[in-house]
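Encoded as structure tokens, the structure appears first; notes follow it.
The values are calculated or read from the model by the stated rules, or taken from the named source; none is laboratory data. Just so you know, these numbers come straight off a predicted model, no measurement behind them. We place every Cβ from the backbone using ideal geometry, glycine too, and count neighbours over all the protein chains shown. Accessible surface areas use protein heavy atoms only, side chains included; no ligands, DNA or RNA. Shrake-Rupley method; radii C 1.70, N 1.55, O 1.52, S 1.80 Å.
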Amino acid sequence: MAVTWSGRWNHVRKVTERTGPFAHPDFEPSTETLQFLQEVCHILVIGAGGLGCELLKDLALLGIRNIDVIDMDTIDVSNLNRQFLFRPKDVGKTKAETAANFINLRIPGCNVTAHFAKIQDFDASFYRKFHIIVCGLDSIIARRWINGMLISMLSYEDGELDQSSIIPMVDGGTEGFKGNARVILPGMTACVDCTLDLYPPQVNFPLCTIAHTPRLPEHCIEYVRILLWPKEEPFGAGVAIDGDDPAHVSWILEKSQERANEYNISGITYRLTQGVVKRIIPAVASTNAVIAAACATEVFKLATSCCQPLNNYMNFTDIEGVYTYTFEAEKKDDCVACSQKPQNISFCESDKLQDILTYLLESTTYQMKSPSITTAINGKNRTLYMQSVKSIEEKTRANLKKSLAELELCSGQELYVADPTTPSSLTFILQMGTKME
Amino acid sequence: MIKLFSLKQQKKDGESAPERGKKSSAAQLRIQKDINELNLPKTCDVNFPDPDDLLSFKLIISPDEGFYRGGRFVFSFKVGQGYPHDPPKVKCETMVYHPNIDLEGNVCLNILREDWKPVLTINSIVYGLQYLFLEPNPEDPLNREAAEVLQSNRRLFEQNVSKSMRGGHIGSVYFERCLK
Ligand SMILES: [Zn+2]
């Protein structure tokens with residue numbers, strides 16, 4: 001099949017082959033830019049749901065051909081109203097593969113690779129392959145995970161950030177008629193954890209209202225979910241609620257209805273019950289389209305430098321009319337994820353943990369008061385020493401007398417140190433061999 | 001403003017730098033900070049069954065004044081990867097006759113649910129729980145019987161609390177002894 005035809009990319013070339021007042025100062029109009037987009041640029045899309053379908057379509061139509069997409073879900077019939085790469089025959093198939101196949105068939109030359117997986121299944125060597133990562137996620141935990149991954153991949157030379165180690169993250173989010181798009185340059189601009197306050201908290205009703213003074217159908221469902229389920233364990237001891245299991249949802253529905261009748265509350269349906277249990281916020285197709293378009297535009301700007309990227313957070317609502325507001329979210333000095341540059345400390349294998357502790361307490365640079373030291377070995381967290389909590393101090397005191405070799409700490413190991421003198425924990429990278437003066 | 005990539009014609013491969021080993025999560029780093037800076041009132045103690053797992057621990061409150069003086073109450077804390085966006089899950093493991101704690105150990109404390117904010121810490125919750133024992137609040141009842149007694153007859157409430165802490169029946173419910 002002919003992969004291109006005359007005039008196919010005119011809409012993109014208008015921007016990449018001419019300059020303009022908003023172009024990046026270093027931007028040079030050139031035919032190579034489109035070539036770069038098509039042949040070299042490698043983008044990762046995380047999520048193939050409402051935002052993900054839009055993103056894949058937008059990016060592919062902008063000329064980006066090398067796209068990977070990760071999604072861990074399969075297609076549900078309720079997705080079909082807005083996740084337009086899926087058809088009724090696709091219900092039950094994986095979102096990632098179905099979306100990738102659709103784009104590859106529909107947009108000649110495009111090469112989308114699907115990963116039916118969780119983001120946590122991949123390590124830094126996978127994520128390093130991409131020029132830009134764009135997220136259409138509905139989970140804050142997943143966002144924080146990828147944010148942490150990109151920050152951990154930064155490298156520093158003499159305390160200076162090596163800019164070639166930055167992989168920009170473009171993040172979109174929607175909730176009903178509200179949405180936001182943001183650009184994160186890990187290590188340089190506000191990250192997900194810097195702005196944790198901006199993410200709407202989960203709606204939690206007061207427990208006493210749920211227990212004794214319900215007024216809304218949601219209160220009745222929450223009563224069954226939080227208080228009745230653990231008490232009655234209708235599907236066996238320790239069985240957690242599965243919002244996709246019709247038997248579970250039906251049981252909750254029935255009990256919620258009984259409770260609602262007691263309090264003269266109406267409006268409990270299967271759909272509402274499942275929505276409350278799974279904490280579904282109704283998705284609006286047009287909001288997804290707007291936010292995905294904003295994100296895809298940012299990817300395009302970053303990849304081509306044809307325009308300065310969003311700086312750095314855009315809010316959007318179309319509840320009454322259309323409103324957007326853009327502001328610069330600030331990088332926080334005490335952000336647990338991005339505030340510190342990992343610092344090297346040198347010790348010998350025969351040095352004891354006590355030597356590191358003494359160094360942190362006595363060195364003129366740190367002068368800490370009661371540092372705790374943790375690390376992660378093979379993905380498992382380990383508390384090496386913590387003075388301030390008696391039960392931990394007693395169990396970790398013996399580590400102080402052990403050598404770093406005995407503690408299985410090798411060169412390159414990260415040590416996380418929290419101390420009242422620093423606003424956030426510090427990360428140290430252990431350099432083994434030469435003794436520090 | 002930096003130009004991000006010297007992108008021109010630069011293919012990426014995943015093979016370059018060696019990995020530094022899996023990094024600790026943001027939730028993990030934040031809880032380490034919280035725990036390291038716990039400033040416990042003298043009536044409270046924390047216990048970590050596994051010191052490597054800072055996400056799961058017990059808080060023991062032994063009030064030295066108020067209705068619950070002399071008792072010993074154990075709370076379990078489970079901190080998830082969503083922390084501090086999401087609050088920890090806290091349950092009372094000691095059966096207690098208390099207006100704001102039900103017989104299954106659910107606790108009605110605003111900062112554990114509707115008023116939780118990421119700026120709050122484990123310390124904030126410790127103080128919140130301690131306060132529940134000093135000032136049980138009959139306005140927000142979970143154990144409604146206890147709340148009604150507290151509102152109508154403080155003297156009887158006090159007797160019921162003492163009786164429950166010594167081990168005994170209040171109505172049909174048996175409370176295990178939890179005196180220190
Ligand atoms: Zn940050």
request  = At least 1 residues that are without any contact (Cβ under 8 Å) to a residue 40 or more places away in the chain in each: list the helices (runs of 4 or more DSSP H) lying fully within segment A:1-67 that qualify.
outcome  = A:10-16, A:32-35
task = Tell me which residues, restricted to segment A:11-70, are at pLDDT below 95 and polar (S, T, N, Q).
result = A:Thr16, A:Thr19, A:Ser30, A:Thr31, A:Thr33, A:Gln35, A:Gln38
inquiry  = Among the residues of segment B:28-46, what is the count of those that are at the interface with another protein chain (Cβ under 7 Å from one of its Cβ atoms) and open to solvent by less than 60 Å² (accessible area, probe 1.4 Å)?
reply    = 9
key: helices (runs of 4 or more DSSP H) completely within segment A:116-214 that count 3 or more residues being closer than 21 Å to B:Ala27 by Cα   = A:140-152
remark   = Per the filter on segment A:300-341, residues more than 11 Å from chain B (Cβ to nearest Cβ), within 16 Å of the ligand (Cβ to nearest atom) and open to solvent by less than 20 Å² (accessible area, probe 1.4 Å) are A:Asn312, A:Tyr313, A:Ala329
query = Would a scan of segment B:94-115 turn up a residue that is of a type in the set (Asp, Glu), under 26 Å from B:Arg155 (Cα atoms) and open to solvent by 30 Å² or more (accessible area, probe 1.4 Å)?
reply = yes
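So that you can scan it fast, the table gives a plain yes or no per residue for (1) within 11 Å of chain B (Cβ to nearest Cβ); (2) in contact with a Lys or Arg (Cβ under 7 Å, 6 or more places away or on another chain); (3) within 16 Å of the ligand (Cβ to nearest atom):
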position: A:Ser152; (1), (2), (3): yes, yes, yes
position: A:Glu160; (1), (2), (3): no, no, no
position: A:Thr195; (1), (2), (3): yes, no, yes
position: A:Asn204; (1), (2), (3): yes, yes, no
task = Please work out which one of (1) open to solvent by 30 Å² or more (accessible area, probe 1.4 Å); (2) farther than 20 Å from A:Gly92 by Cβ; (3) of a type in the set (Gly, Ala, Ser) is the condition A:Ser78 fails and give its number.
result = (2)
key: Any chance A:Pro217 is open to solvent by 10 Å² or more (accessible area, probe 1.4 Å), free of Cβ contacts under 8 Å to residues at least 40 places away in the same chain and not aliphatic (A, V, I, L, M)   = no
task = Restricting attention to segment A:162-174, report how many residues are more than 8 Å from chain B (Cβ to nearest Cβ) and open to solvent by less than 10 Å² (accessible area, probe 1.4 Å).
result = 6
Selection within segment B:125-179 - more than 24 Å from B:Val90 (Cβ to Cβ), in a loop (DSSP other than H, G, I, E, B) and open to solvent by 100 Å² or more (accessible area, probe 1.4 Å) = B:Ser172
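For (1) of a type outside the set (S, T, N, Q); (2) facing chain B (nearest Cβ under 7 Å); (3) crowded, with 17+ Cβ neighbours inside 10 Å, each residue gets a yes or a no:
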position: A:Ala376; (1), (2), (3): yes, yes, yes
position: A:Arg382; (1), (2), (3): yes, yes, yes
position: A:Tyr385; (1), (2), (3): yes, no, yes
position: A:Ser388; (1), (2), (3): no, yes, yes
position: A:Thr396; (1), (2), (3): no, yes, yes
position: A:Glu406; (1), (2), (3): yes, no, no
position: A:Leu409; (1), (2), (3): yes, no, yes
query = Does at least one position in segment A:166-181 carry a residue that is of a type outside the set (A, V, I, L, M), within 16 Å of the ligand (Cβ to nearest atom) and more than 30 Å from A:Glu218 (Cα to Cα)?
reply = yes
task = Output the residues belonging to segment A:125-139 that are within 10 Å of chain B (Cβ to nearest Cβ) and either over 21 Å from A:Ile291 (Cα atoms) or surrounded by fewer than 21 Cβ atoms within 10 Å (Cβ to Cβ) (or both).
result = A:Ser125, A:Phe126, A:Tyr127, A:Arg128, A:Lys129, A:Phe130, A:Ser139
